[in-house]
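Just so you know, all these numbers are worked out from the coordinates, no wet-lab data involved. Small disclaimer: the values here were computed from a predicted structure and weren't measured. Using ideal geometry, Cβ is built from the backbone for each residue, glycine included, and neighbour counts are taken over all protein chains shown.
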Ligand code: ADE
């Protein structure tokens with residue numbers, strides 16, 4: 001997979017691609033990255049890439065001709081082109097899994113008041129990473145990149161993301177490590193006894209409980225097994241009693 005990032009602030013990506021798991025994956029050639037400065041496609045000597053909006057109003061609008069030129073210079077036949085924007089479709093793990101299979105992705109980082117609307121004619125998808133507004137799309141591009149890179153083969157140890165929150169459709173169960181007792185709170189007994197069947201049930205129950213209490217919306221699209229249905233009934237009863 002090749003990731004290309006088109007941005008007005010390439011320096012923001014230096015640490016991101018040079019730290020921890022992402023750096024290791026890059027060093028091992030598990031993906032390739034190119035961070036491209038949009039200003040290099042500017043047509044004037046001051047490297048302007050934006051102009052005032054038609055119809056008036058504050059702020060500046062990034063020019064379509066410049067973005068189109070940058071896209072054309074950097075896309076190939078199989079490039080998926082994304083634009084980060086608070087008005088895009090909301091990003092989630094399903095989307096990350098689909099994008100992780102692409103051969104090449106070009107992420108255009110939005111900025112200022114936005115882009116000339118005609119930029120969308122050259123973009124496959126407009127993506128928002130959540131219901132809040134950032135000063136620019138660079139952090140969103142990092143979020144998208146990170147979620148895709150960790151799904152590339154060889155980046156994480158085999159089997160390490162299968163239990164992730166959202167990967168299964170449920171939030172992840174709680175984890176513990178030593179010490180066994182801290183500040184009077186003991187690690188749940190079931191995790192200490194080595195009974196794998198009991199541990200599996202405990203983890204599933206806790207996943208379901210967290211999902212029910214915090215993100216009941218996720219359960220609407222989740223096909224419950226018979227075991228999970230029974231657990232959920234118990235969780236609901238417990239929740240009523242604790243009210
Ligand atoms: N740019 C500004 N806010 C954003 C958001 N929430 N998602 C993606 N890009 C953005």
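Can you list the equivalent-ellipsoid semi-axes of region 2-149, largest first and in whole Å, using the square root of 5 times each Cα gyration tensor eigenvalue? Before the final figure, lay out the partial values.
Working: eigenvalues 127, 57, 43 Å².
Equivalent-ellipsoid dimensions as semi-axes: 25, 17, 15 Å.
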Report summary line: Expressed as a whole-number percentage, the relative contact order of the chain with C-alpha contacts under 8 angstrom and at least six residues apart is 18
Query raised in the report: Points 7 angstrom from Cα along the Cβ direction at residue 9 and residue 30: gap in nanometres?
Result: 2.8
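Would you work out if region 181-241 is rounded, prolate or oblate? Take a ≥ b ≥ c from the square roots of the eigenvalues of the alpha-carbon gyration tensor; rounded if a/c is under 1.5, else prolate when a/b is larger than b/c, oblate otherwise. Please list the in-between numbers first.
Details: a/c = 2.27, a/b = 1.57, b/c = 1.45.
The shape class here is prolate.
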Query raised in the report: Pick from 217, 124, 51: which residue has the top mean-square fluctuation in a GNM of the chain where Cα pairs under 10 Å get a spring?
Result: 217
Query raised in the report: Most fluctuating residue of 185, 119, 64 in a GNM of the chain with Cα springs under 10 Å: which is it?
Result: 185
Report summary line: For the chain, longest principal axis from Cα atoms; helix 64-74 axis from its Cα atoms; angle between them, nearest 10 degrees, is 70
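What's the extension gain from residue 177 to residue 196 if we count 0.36 nm per residue and subtract their Cα-Cα distance? Don't jump to the answer; show the numbers that get you there.
Numbers: separation 19, 0.36 × 19 = 6.84 nm, distance 1.67 nm.
Answer, rounded to one decimal: 5.2 nm.
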Query raised in the report: Using Cα atoms only, what is the angle between the long axis of helix 138-149 and the major principal axis of the chain, expressed in degrees (0 to 90) to the nearest 10?
Result: 50
Query raised in the report: In a GNM of the chain with a 10 Å cut-off on Cα contacts, which of 141, 100, 73 has the highest mean-square fluctuation?
Result: 73
Report summary line: Taking the chain and counting helices only, DSSP H stretches of n ≥ 4 at -39,500 (n - 2.57) each over all residues, the nearest-500 ellipticity at 222 nm comes to -10500 deg cm²/dmol
Query raised in the report: Using the alpha-carbon atoms, what tilt in degrees (0 to 90, nearest 10) does helix 196-214 show relative to the longest principal axis of the chain?
Result: 60
